[in-house]
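See structure below.
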Amino acid sequence: MLDETNAKSMSIIVTKGTLDWAYPPFILATTAAAMGLDVTMFFTFYGLHLLKKDLNLKVSTLGNPGMEMPMGGMHMAMPNIMAALPGASALTTNMMKNLIKKKGVASIQELRDLAIEADVNMIACQMTMDLFEIKREDMIDGPSVGGAASWVEVATKSDINLYI
Amino acid sequence: MADMILDAKGLNCPLPILRAKKALKELPSGGTLEVQATDPGAVKDFEAFCRTTGNELVEHHMDGNTYVFLIRHTG
């Protein structure tokens, strides 16, 4: 069937492990898979955290003046000096998780499950596992473990290659 | 009347597309799916989805605050 064999392909290098930056790779991967593309995600550095069984993603406004939360019809940004205080990151994370729920945005867990269900090929970076001492058993079952060459091989055959 | 109706109201990008894809899989070729969504981005997205996957976007219209898409599984 046409919608199963689009024959196009996409690869994404996933380098970031915060709640906000977890979204673009999983949204694009699941959508591309739904549109018939073969998708490969290569998880490296902080992005590797997105493969952990226990997802505990956080977000901070520290050093991110572009992050404004809608609040009572206005938008509120947090000054860096406040964002650096203990508990500020937990507060911001809670606010964002509430917004995600309220606006009908999928959770990262949900998008990751959908990606696995859609046969998105996931590769965990071996070097990052060694560097940060992350064990294979700390991560979900699906992904294979590989290095830069595994991604390069996929990338040479992919129509779209993204670095996020 | 569509063969299947998918209520994707209240869901945000990319969930309406992902749910629609799942629903289309269950439909035989030629079957029709009605998707109901409230995400304004869904209009452009369902057009792109159908063009890319080879499914036919028969029509779409608004019903109050709801976007209604009729898709024929021709993929």
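All but one of (1) under 19 Å from A:Ile27 (Cβ atoms); (2) more than 18 Å from the chain's Cα centre (by Cα); (3) surrounded by 13 or more Cβ atoms within 10 Å (Cβ to Cβ) hold for A:Ser150, so report the exception by its number.
Just one mismatch for A:Ser150, condition (1).
Of the residues that make up segment B:54-70, is at least one of a type outside the set (Ser, Thr, Tyr), in contact (Cβ under 8 Å) with a residue 24 or more places away in the chain and touching a Cys at 6+ places or on another chain (Cβ under 9 Å)?
Looking through segment B:54-70, at least one residue is of a type outside the set (Ser, Thr, Tyr), in contact (Cβ under 8 Å) with a residue 24 or more places away in the chain and touching a Cys at 6+ places or on another chain (Cβ under 9 Å).
Just the residues that are within 14 Å of chain B (Cβ to nearest Cβ) and either at pLDDT below 95 or crowded, with 24+ Cβ neighbours inside 10 Å (or both), please, taken from segment A:38-50.
Keep residues of segment A:38-50 that are within 14 Å of chain B (Cβ to nearest Cβ), which gives A:38-39.
Hit for segment A:38-50 is A:Val39, nothing else.
Taking segment B:9-24 as the search range and keeping residues that are within 18 Å of A:Lys103 (Cα to Cα) and of a type in the set (Lys, Arg), which one is surrounded by the fewest Cβ atoms within 10 Å (Cβ to Cβ)?
Looking only at segment B:9-24, we keep the residues that are within 18 Å of A:Lys103 (Cα to Cα), and these are B:9-19.
Right, trim to of a type in the set (Lys, Arg) and you get B:9, B:19.
Details: B:Lys9: 15, B:Arg19: 18.
Ranking the qualifying residues of segment B:9-24, first place goes to B:Lys9.
How many of the residues making up segment A:115-140 are under 23 Å from A:Tyr23 (Cβ atoms) and not in a helix (DSSP H, G or I)? Before the answer, list the steps.
First pass over segment A:115-140, keeping only residues under 23 Å from A:Tyr23 (Cβ atoms): A:115-125, A:128, A:132, A:134, A:138-140.
Filter once more, keeping what is not in a helix (DSSP H, G or I): A:118-125, A:132, A:134, A:139-140.
Qualifying residue count, segment A:115-140: 12.
Scan A:Glu110, A:Glu68 and give me the residue that is in contact with a His (Cβ under 7 Å, 6 or more places away or on another chain) and either polar (S, T, N, Q) or surrounded by fewer than 17 Cβ atoms within 10 Å (Cβ to Cβ) (or both).
On the way: A:Glu110 fails: in contact with a His (Cβ under 7 Å, 6 or more places away or on another chain).
Criteria check complete, one pass: A:Glu68.
Residues of segment A:141-164 being among the aromatic types (Phe, Trp, Tyr) and not in a strand (DSSP E or B), which ones?
Of segment A:141-164, the ones among the aromatic types (Phe, Trp, Tyr) are A:151, A:163.
Scanning segment A:141-164 gives a single hit, A:Trp151.
Looking only at segment A:68-91, decide whether some residue is touching a Lys or Arg at 6+ places or on another chain (Cβ under 8 Å), of a type outside the set (Phe, Trp, Tyr) and not in a loop (DSSP other than H, G, I, E, B). Full working, then the answer.
Step one: filter segment A:68-91 for residues touching a Lys or Arg at 6+ places or on another chain (Cβ under 8 Å), giving A:89-90.
Remaining after also requiring of a type outside the set (Phe, Trp, Tyr): A:89-90.
Checking the rest, the ones that are also not in a loop (DSSP other than H, G, I, E, B) come to A:89-90.
Among the residues of segment A:68-91, at least one is touching a Lys or Arg at 6+ places or on another chain (Cβ under 8 Å), of a type outside the set (Phe, Trp, Tyr) and not in a loop (DSSP other than H, G, I, E, B), which makes the answer yes.
Residues A:Lys53, A:Lys8, A:Lys102: which one is loosely packed, with under 13 Cβ neighbours inside 10 Å and either among the β-branched types (Val, Ile, Thr) or within 14 Å of another protein chain (Cβ to nearest Cβ) (or both)? Don't jump to the end; show me each part of the working.
Values: A:Lys53 fails: either among the β-branched types (Val, Ile, Thr) or within 14 Å of another protein chain (Cβ to nearest Cβ) (or both); A:Lys8 fails: loosely packed, with under 13 Cβ neighbours inside 10 Å.
After ruling out the rest, the residue left standing is A:Lys102.
For A:Gln109, work out the one condition from (1) at pLDDT 95 or above; (2) not in a helix (DSSP H, G or I) it doesn't fulfil.
(2)
Within segment B:1-19, work out how many residues are hydrophobic (A, V, I, L, M, F, W, C) and facing chain A (nearest Cβ under 8 Å).
5
Hey, among the residues in segment B:37-54 that are of a type in the set (Gly, Ala, Ser) and surrounded by fewer than 18 Cβ atoms within 10 Å (Cβ to Cβ), which one's farthest from the other protein chains (Cβ to nearest Cβ)? Before you say what the answer is, go through the steps one by one.
Initially, segment B:37-54 is screened for residues of a type in the set (Gly, Ala, Ser), giving B:37, B:41-42, B:48, B:54.
From what's left, surrounded by fewer than 18 Cβ atoms within 10 Å (Cβ to Cβ): B:41, B:48, B:54.
On the way: B:Gly41: 12, B:Ala48: 8, B:Gly54: 4 Å.
Step by step, filter segment B:37-54, then rank; the result is B:Gly41.
Consider segment B:25-36. How many of its residues are under 22 Å from A:Ala115 (Cβ atoms) and either within 7 Å of chain A (Cβ to nearest Cβ) or surrounded by fewer than 18 Cβ atoms within 10 Å (Cβ to Cβ) (or both)?
2
Could you please give the count of residues in segment A:15-46 that are free of Cβ contacts under 8 Å to residues at least 60 places away in the same chain and in a helix (DSSP H, G or I)?
Counting residues in segment A:15-46 that are free of Cβ contacts under 8 Å to residues at least 60 places away in the same chain and in a helix (DSSP H, G or I) gives 2.
The values are calculated or read from the model by the stated rules, or taken from the named source; none is laboratory data. Given the structure is predicted, the values throughout are model-derived calculations rather than measurements. Quick reminder, even Gly has a Cβ in these numbers, built from the backbone with ideal geometry, and neighbours come from all protein chains shown.
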